[in-house]
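Heads up: the structure comes next, in structure tokens.
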Amino acid sequence: MKILIIQNKRIGDVLISSLMADNIKKNQPKAIVNFFCYDYALPVIKDNPFIDHIISVSAAELKKTSVLLKFCKQIRKENYDVIIDPYSKFQSRLMCLLSGANITAGFIRKKKILSFKPYSLKVLYKKSSSLDCGKTIEDRMNLLCKAVPLKHISYEPKIYMDPSDSVYDSPSKPFFIVGILGSVPSKSLPAATMAKVVDHISKVYPDHLIIFNYAPHQRKEATIIYSLCKNKEAIDLNLYESDLSKFLMLLSKASALISNEGGSVHMAKALNVPTFTIYSPFITKEHWNSFENLPIHQSIHLAEKRPDLYKNADRKRLKEIEKNPGLYYGELTSDMIWSNLKSYLKNLINT
């Protein structure tokens, strides 16, 4: 059996979907499993022993019609038996439609009408999560099971690192990595609030170094947050890894990751690094709160502190909040965050 998994988009999505390859190979060792993704996400799956071949392309290139059609032809020539499309957007749908595969499986929404029919197996998203892995992982495993019979299922994504990658000159003292910015402004705690959270950490844990994590293009915003922090001596602004492979090595040695919700949180969990996650006010926590039943993975969401703000907050309402999250972020104070984070770190570091 020859299988292709298509997962474009962000690093966290690629990591989570790589779990499909693990499960296929563990249940059907003779299967050939290939993976299609954007090139910037390669480091989280490049050493995965359950993926036979990775097809990667830049996001900008794939937007070109000629490049997209080239990959559609390439996929068709591979004669896949099964294509699994957790990405489920126009690009991957077109690949499925033109693939000639016996089975094409992807997500659909009840109210969304597609202009063409890319899937032989159409799978609805679950209404809610029933497992500790969170709804996003549960949805992907449900999609996989519709396309490929599985006797045993693992729900924990892992990052497999080459042994040579473990040789890394990390700081001499223990350190926290703080994900000070989300992938986009709407997923980022306001600068002043984040600076106060950093101040709380540095005051209570002076023996720990603080390392900022952010995307290379967010350097200006990171510098602003640094300027607002009172105890700058506790922060090593120069210790920064823009290369994802090196960041993974650094992350693997951290005492904990404290971060806006995003790809770095999923990477930390896949490396068994403790995490404290700050959710954006428009994010449905149950979709992404994988393994927060464990004491090493905890979080905070405004809805838990101010449930009155979320009465009748359906998907449409959350989309409205996403467009202008400032008011809701204003209600999530640094004291609220520190109240949860203080207890979490006390249990994590002092035990």
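The values are calculated or read from the model by the stated rules, or taken from the named source; none is laboratory data. What you are looking at is a predicted structure, and each value in this text was computed from that prediction instead of being measured. Here the Cβ positions follow ideal geometry from the backbone for every residue, glycine too, while neighbour counts run over all protein chains shown.
Structure notes:
- Unmet requirement for residue 222, which otherwise passes all of (1) assigned to a loop (DSSP other than H, G, I, E, B); (2) over 18 Å from the mean Cα position of the chain (by Cα); (3) surrounded by 17 or more Cβ atoms within 10 Å (Cβ to Cβ): (1)
- At least 1 residues being basic (Lys, Arg) and buried (at least 20 other Cβ atoms within 10 Å of the Cβ) is the threshold, and among the helices (runs of 4 or more DSSP H) wholly inside the range 1-111 those reaching it are 90-99.
- Count of residues meeting criterion [within 12 Å of the chain's Cα centre (by Cα) and aliphatic (A, V, I, L, M)] in the range 3-43: 5
- Pairs linking a residue in the range 315-327 that is not assigned by TED's automatic domain parsing to the domain that holds residue 280 and hydrophobic (A, V, I, L, M, F, W, C) to a residue that is modelled with pLDDT under 95 and surrounded by 10 or more Cβ atoms within 10 Å (Cβ to Cβ), with Cβ atoms under 7 Å and 6 or more positions apart or on different chains, do not occur.
Quick grid of which residues meet (1) in contact with a Gly (Cβ under 9 Å, 6 or more places away or on another chain); (2) modelled with pLDDT of 95 or more; (3) within 30 Å of residue 223 (Cα to Cα):
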{"site": "80", "(1), (2), (3)": "yes, yes, no"}
{"site": "92", "(1), (2), (3)": "yes, yes, no"}
{"site": "109", "(1), (2), (3)": "no, no, no"}
{"site": "141", "(1), (2), (3)": "no, yes, no"}
{"site": "144", "(1), (2), (3)": "no, yes, no"}
{"site": "149", "(1), (2), (3)": "no, no, no"}
{"site": "156", "(1), (2), (3)": "no, yes, no"}
{"site": "163", "(1), (2), (3)": "no, no, no"}
{"site": "189", "(1), (2), (3)": "yes, yes, yes"}
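- Filtered by the rule that a residue be among the charged types (D, E, K, R) and either at pLDDT 95 or above or more than 22 Å from residue 343 (Cα to Cα) (or both), the range 286-321 gives 292, 304, 305, 306, 308, 311, 314, 315, 316, 317, 319, 320.
- Unmet criterion (only one of (1) modelled with pLDDT of 95 or more; (2) of a type outside the set (Val, Ile, Thr); (3) touching a helix residue (DSSP H, G or I) at 6+ places or on another chain (Cβ under 7 Å)) for residue 8: (1)
- Residue pairs whose Cβ atoms lie under 7 Å apart, separated by 6 or more positions or on different chains, with the first residue in the range 276-301 and at positive phi and in a loop (DSSP other than H, G, I, E, B) and the second surrounded by fewer than 19 Cβ atoms within 10 Å (Cβ to Cβ) and not polar (S, T, N, Q), are 291/132.
- Long-range neighbours under 9 Å by Cβ, at least six apart or interchain, first residue over 21 Å from residue 41 (Cβ atoms) within the range 141-170, second in a loop (DSSP other than H, G, I, E, B) and of a type in the set (D, E, K, R): 142/126; 170/253
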